[in-house]
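Reading through the structure tokens given below for one structure.
The values are calculated or read from the model by the stated rules, or taken from the named source; none is laboratory data. These numbers come from a predicted model, not from an experiment. Note: ideal-geometry Cβ built from the backbone for every residue, glycine included; neighbour counts use all protein chains shown. Side chains included, ligands, DNA and RNA excluded: accessible areas come from the protein's heavy atoms. Shrake-Rupley method; radii C 1.70, N 1.55, O 1.52, S 1.80 Å.
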Amino acid sequence: MKISGLGNVKLYKEMEKLNKSSDFGKVLLDTLKEIDRKEKEAEAALESLAKGEDIDPAEVAMKISSADASMKLLLRVRNKVLEAYQEIMRMQI
């Protein structure tokens, strides 16, 4: 059983990338692609487990948990962006 470290926690590197990159849309698109990739990996691992293939159930659980956490974070960011937009729209000029 392979135990990986906290390599997926790369907040500092992501912040550096945001600071270096001036294109917010590109960063957002890259993040969405990463979350989609995690979702697909989790789905494939779960499918393999259901078929009875030789896969570690703990690995499947970790992939599902990672995909779930990424999706929850994405939803929280989306909600914050919507709240900020609504606040701006309420401002009087």
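In the list 87, 39, 53, 83, which residue meets the criterion of being of a type outside the set (Phe, Trp, Tyr) and assigned to a loop (DSSP other than H, G, I, E, B)? Talk me through it step by step, then tell me what you get.
Details: 87 fails: assigned to a loop (DSSP other than H, G, I, E, B); 39 fails: assigned to a loop (DSSP other than H, G, I, E, B); 83 fails: assigned to a loop (DSSP other than H, G, I, E, B).
Result of the check over 87, 39, 53, 83: 53.
Residues in segment 61-78 that are surrounded by 12 or more Cβ atoms within 10 Å (Cβ to Cβ) and closer than 16 Å to residue 37 by Cβ: 11 in all. Remark: pairs (first residue in segment 64-93, touching a residue at least 40 places away in the same chain (Cβ under 8 Å) and within 30 Å of residue 50 (Cβ to Cβ); second residue of a type in the set (A, V, I, L, M, F, W, C) and in a helix (DSSP H, G or I); Cβ separation under 9 Å; 6+ apart in sequence or on different chains) = 66/42; 74/32; 74/35.
Looking for whichever is open to solvent by 90 Å² or more (accessible area, probe 1.4 Å) and at pLDDT below 95 here; the options are 9, 81, 27. Which one fits?
9
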